[in-house]
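Accompanying notes for the structure given below.
Computed from the coordinates by the stated procedures, all read-outs in this text should not be read as laboratory data. What you see is a predicted model; the values in this text were computed from it and never measured. So basically every Cβ, Gly included, is an ideal-geometry build from the backbone, and we count neighbours across all protein chains shown.
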Amino acid sequence: VAVVASGLLSACSTGQSPAASSTLKVLAWKGGGTEPAGIAEINAAFEKSHPGVKIDFTYMPAGDSYTQKLSAELLAGNAPDVFMGDPVSTKTLASSGYLADLGKQSWASDVLPDLKPFTEGSDGKVYAAPTELIGITTYANMDLLKKVGITEVPTTRSIFLDDMAKLKGAGITPLSLPDKSAWTAESTLQQIASTLVYRDDPKWDQKFIAGKTSFVRDWSSSAKQLVDLDSQGYVAWKSELGIDEWSQGLQDFKAGKSAFWVQGAWNLSGVHQAGINAQIFPWPADDGKQVATLFGGVMWQVNKASKADTVAKEYVDYWSTGHSAPFVNAENAISPFKSVSTPKSDATAPFNAAYAAGQYRILPYNTWLNGNGGQLGQAVQGMLLGQSTQQQLLATYDTLGRKALTSK
């Protein structure tokens, strides 16, 4: 992979003539802090292949501050030329007229068909270039598993439960699901539903949008499986809800304090750097035919009002024509383009095998899962604390899902 990445980055051009001398302002929530993600390497290679272009790169952690900064600058007319976004912001910013139409770029027709709707605005035009298709996944500390004689990640639900029983019996915390910010439990529920709901009904989202099904009707077994982890003795939900998944929870897994854990695949590189021999895999199914849970990940958007429009689009083109290997490697992601291969790794092999077999689901952040402001996760927390029943949780999902579909 390193050789391939080096070859790609040493390419002299993307097939376009070098741009005139200019500065390109880029804003992103990756490329700094604890997530360098190979972006500095890609930027340096772009500058080398585009003489006269200087990238003025600004890193800012994801969250409300990033959104507020970008929104204020777009409103004031002094926003960056290129900025990082996601499927939700793509629709919102495109509808507000802030994004350049990227549908005529050469890579637009190369986007994976299942991912393409996430790059589009409400008018069906392409306003974002995907950088990855990335997993919400289950981690395994292979060294802790080895201590109890387990040599591979669980391939069925019964094996998963047996593995956790062995680990618990040996005094090893089997599973950690820190959930203070209401992300992990909701993400785990989504993983479970990927198999229990979407494997047999891959068009479930479309049916929900059309009003032909509901969470109350179809997700009860998924909610029960999540709740049962506590009664089975593998997770103490009341304790987990007090642990922040993005700080203490992450550090605990890096310190080897649990055998299994749920997080995004982008954290795998940091886990390895901490000395943990980890692999990622889809939440196991009863029969071993589990479904990988993915989402569209980060995307590049171009400011419609950019005075460096040509260079901005060349920058996005550069990322979208095979030069983003350092980023995809660092994120442990799947390539979002048909013609660009996904890096191979033993650590991601169990997860990517499900994707390669066509057993995957992309989270619908462009439809009912869009814009709930964390309310879905908070509703899951309420159920896990005993403040509501499983049926009440799913009724809340129905309400919030419908609200997301009807909101402008």
Legend entry - On Cα atoms only, tilt of 375-384 relative to the major axis of the chain in degrees: 20 degrees
Legend entry - Per-residue [θ]222 nm for the chain (sum of -39500 (n - 2.57) over DSSP H runs n ≥ 4, rounded to 500): -11500 deg cm²/dmol
Legend entry - Expected-Rg normalisation [2.2 N^0.38 Å, Cα atoms] applied to the chain: 0.99
Legend entry - Whole-Hz couplings from phi, Karplus 6.51/-1.76/1.60, listed for the stretch 326-331; x for Gly and Pro: x, 6, 4, 4, 5, 7
Legend entry - Relative contact order (%) - the chain, alpha-carbon pairs under 8 angstrom, separation at least six: 26 percent
Inset, instruction - Report ³J(HN,Hα) in whole Hz for each residue of the stretch 136-143, in order, from the Karplus equation J = 6.51 cos²θ - 1.76 cosθ + 1.60 where θ = phi - 60°; Gly and Pro get x. - result: 9, 9, 9, 9, 10, 7, 5, 5
Legend entry - Under the Karplus curve 6.51 cos²θ - 1.76 cosθ + 1.60, θ = phi - 60°, whole-Hz ³J(HN,Hα) for the stretch 262-277, x wherever Gly or Pro sits: 10, 6, x, 4, 5, 8, 4, 4, x, 5, 5, 4, 7, x, 8, 7
Legend entry - Computed log₁₀ I(q)/I(0) - Debye formula, equal Cα scatterers, no solvent, the stretch 249-356, q 0.21, 0.23 Å⁻¹: -1.16, -1.29
Legend entry - Rg/Rh ratio calculated on Cα atoms of the stretch 289-408 (Kirkwood radius): 1.08
Legend entry - Inter-label distance, nm, simple model (7 Å from Cα along the C-beta direction), residue 101/residue 122: 1.8 nm
Legend entry - Ordering of 63-69, 259-265, 122-128 by packing [mean C-beta count within 10 Å, highest first]: 259-265, 122-128, 63-69
Legend entry - Lysine pairs within the stretch 109-221, Cα separation less than 18 Å, 8 or more sequence positions apart or different chains: 7
Legend entry - Amide H contacts under 5 Å for residue 27, placed H, 5+ residues apart: 58, 82, 83, 84
Inset, instruction - Report, in degrees rounded to the nearest 10, the 0 to 90 angle that the Cα long axis of helix 39-49 makes with the longest principal axis of the chain. - result: 20 degrees
Inset, instruction - Collect residues whose amide H, placed 1.01 Å from N in the peptide plane, falls under 5 Å from the amide H of residue 304; neighbours closer than 5 in sequence don't count. - result: 99, 100
Inset, instruction - Would you calculate the volume per residue, in Å³, of the smallest convex hull containing every Cα atom of the stretch 60-171? - result: 177 Å³
